[in-house]
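Please treat every number below as a calculation from the coordinates, not as lab data. In this text the structure is predicted, and so the values were computed from the model without any measurement. Because the Cβ atoms are built from the backbone with ideal geometry, glycine has one as well, and the counts that use them run over all protein chains shown.
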Amino acid sequence: MKPNERVRAVYQGRKPDQVPLCLDLSHWYKKNRNVPFNLAGLAGVDCVKRWLDTRLASPRLIMAAGDQVPTDAPFHRIAMLPELVEKYGKY
């Protein structure tokens with residue numbers, strides 16, 4: 001499935017092939033443009049894997065990294081989310 005098809009499937013109550021991923025990098029962008037804002041730490045791989053396990057209870061799950069991504073998070077940690085969803089988010 002394409003990313004937009006995954007999101008549509010969840011909204012329509014269908015099970016996608018993996019958890020959809022929607023990134024909101026607005027806070028990261030603000031930090032890198034010197035706009036003050038601060039949030040607490042970014043979770044590690046194990047935490048992301050545990051969160052993705054919630055898909056087993058319901059297919060109505062969308063991963064949307066946004067407000068919980070701290071402004072000073074290294075971009076490579078944000079960029080690895082699609083790979084983690086691809087690897088651990090299959091139904």
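A few comments on the model shown:
- Computed from the C-beta positions of Asn34 and Glu86 and an R0 of 35 Å, the FRET efficiency is 0.60 to the nearest 0.05.
- Packing rank of 44-53, 82-91, where each peptide gets the mean count of other beta carbons within 10 Å, highest leading: 82-91, 44-53
- Estimated at 0.36 nm per residue, the fully extended path between Thr71 and Arg50 surpasses their Cα-Cα distance by 5.2 nm.
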